[in-house]
Structure formats: structure tokens, C-alpha cells
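Below is one structure, written out as C-alpha cells, with a few remarks after it.
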Amino acid sequence: MKPGSDHAAVVTGGASGLGAAVAVALRTHGVKVALLDRDTDRGASYAAEIGAIFCETDVTDAGSVAAALVRARAANGQERICVNCAGIAPAAKTVSRGVAHDLALFQRVINVNLVGSFNVASQSAAGMVAADPVGEERGVIIHTASIAAFEGQMGQAAYAASKGGIVGLTLPMARDLARDGVRVMAIAPGIFGTPMLTVMSQDIQDGLAAGIPFPSRLGDPAEYAALALHIIENAFLNGSVIRLDGATRLAMR
């Protein structure tokens, strides 16, 4: 599916970081984009900046997602592209100073990163399946996993579990939707220069970059967006998770 002005997309977490990079890349190709995010101030201003629409959305709430998709489709038509970038990454050990990991925190990470991705993808897929095909396809869904799904570090039990769930979700969802011409893929980014990291001191950022084999720098969100665009265009990519990490393998800590 070649991204262009005859297609619409929804991007969760589209107000910043990887989602913002995907949104602007899609707009550069003429795709009509709806940003689904909880950050109303940043979401509205960034949507205006790139010529998208903003839909305040809680990805963990089925009604909120349904309302956002109704608004997005009213403005742009049925989305053929769905990219899930919304996520959180708090750090906490299983036991710290004799105290067990806060269960509510663990549940929230799973709810936002995994349940939220499924919530948006499944509702988006329902709209895609009901639409006429474009060539042999009806749409493409891209999830954001993480290399932490494979080598989660200390303090990443909740985050790694949520991203491992994304890895496990991708193939069966692709199989579920195959007969309807909807593809499902996931990208597992390594250490990227998103707001989650750029708020850290330059020394910390430089130390993280030094541990990346090649190129020894933080990933550029535009590189994530470039891979997302390739997945959208390459119809034979389906049901897989692609690492995007400069050959990084996370150490224990």
C-alpha cells in the first residue's frame, strides 16, 4: 500500500517521540493523519503544525478509542494505516528495599502498552475489514514493541512484560486478519532519542550511545518512521517483529 493523499491514518502517542515522527512522515506523503494522544496541549498544537487532526484519547478505554475513531473517520475517512506508539516506561524492581513491586503500577504499564495497543488495533481493524479493499489490501497495523521484550533489564519487569506481549500479539493478530487483507507488524526499537531519554543529562545520553555497536548514537525517531513507511509499502511484510537497534543487546543493567 503506497501512502498517499487517498489514505488516512491514526497514530497513537502521536504528539511526541516516535509517534510524532511517524505522523509527520505520513503527512509528508500526503496521508490524512489523526493523532490519538492524552496530551491535549501538545497534541492540538502539533496537529495544527503538521496539518493533522487531534483526538484526545485514553487508549486503555474502549469508549474513548471508539469516540476518537468516529471523529477521525468523520474528518479523514476510514483509516487504512494504524500505528501504535503510545506507551509508558516507569522503572521498578520486583522487590526494592524489601518492598514488592507496586501491583497497580505493573497493571498500568500492561494496560497502556499492551491492552491499549490491542484496544486501538482491534477497533481500527474492524473498520478496515468493513471497507472495500485497495488492491489486495484493506489496511496495515504497526505495533511498537521494544528490544526490552527480549533482553529486559533490571527494573524493567513491567515494561518488558508489556512489550513481550506485543511480540506475542503480532503473529496471531496477523493470522486473524489475513483473510480480510489487513497486515499486522511490529517494530522493536532500541535506544532512541525520544523525550523519554533526551530529558537525561548529556553524559547519560553519551554513555547509552557508546554502548550501541554501530552506529554509536541514539536512534533517530525519523529512522523509526522510515521503517514504518517501508512496512506500509511492502505488502509481503506481515506477522513479524523487526528489531531497529544498531545491533544493541541490552545488558543486565
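The values are calculated or read from the model by the stated rules, or taken from the named source; none is laboratory data. If you're wondering where the values come from, they're calculated on a predicted model, not measured in any experiment. Counting neighbours? That spans all protein chains shown, and the Cβs are built from the backbone with ideal geometry, glycine included.
Observations on the structure shown:
- Counting only residues that are of a type outside the set (Val, Ile, Thr) and within 16 Å of the chain's Cα centre (by Cα), the range 175-213 holds 10 of them.
- Tally, over the range 43-66, of residues that are in contact (Cβ under 8 Å) with a residue 12 or more places away in the chain and touching a strand residue (DSSP E or B) at 6+ places or on another chain (Cβ under 9 Å): 13
- Test: residue in the range 142-164 that is farther than 22 Å from residue 251 by Cβ and aliphatic (A, V, I, L, M): yes
- Taking the listed residues 192, 214, the one that is in contact with a Gly (Cβ under 8 Å, 6 or more places away or on another chain), within 11 Å of residue 248 (Cα to Cα) and of a type in the set (Phe, Trp, Tyr) is 214, with no other qualifying.
- Taken together, the residues in the range 214-253 that are surrounded by fewer than 16 Cβ atoms within 10 Å (Cβ to Cβ), under 20 Å from the mean Cα position of the chain (by Cα) and modelled with pLDDT under 95 amount to 0.
- Within the option set 103, 35, being without any contact (Cβ under 8 Å) to a residue 40 or more places away in the chain, over 18 Å from residue 170 (Cβ atoms) and under 14 Å from the mean Cα position of the chain (by Cα) holds for one residue only, 35.
- Only one of 91, 86 that is under 26 Å from residue 191 (Cβ atoms), among the small types (Gly, Ala, Ser), touching a Gly at 6+ places or on another chain (Cβ under 9 Å) and modelled with pLDDT under 95: 91
- Criterion violated by residue 125 - all others in (1) under 26 Å from residue 57 (Cα atoms); (2) in a loop (DSSP other than H, G, I, E, B) satisfied: (2)
- Filter result for the condition that a residue is within 17 Å of the chain's Cα centre (by Cα) and over 17 Å from residue 230 (Cα atoms), over 12, 40: 12
- Tabulated pairs, the range 156-175, first farther than 23 Å from residue 92 by Cβ, second part of a helix (DSSP H, G or I) and at pLDDT 95 or above, C-beta under 7 angstrom, 6+ apart or interchain: 169/118; 173/121
- Search result, residues across the range 179-196 that are at pLDDT 95 or above and in contact with a strand residue (DSSP E or B) (Cβ under 7 Å, 6 or more places away or on another chain): 181, 182, 183, 184, 185, 186, 187, 188, 189, 190
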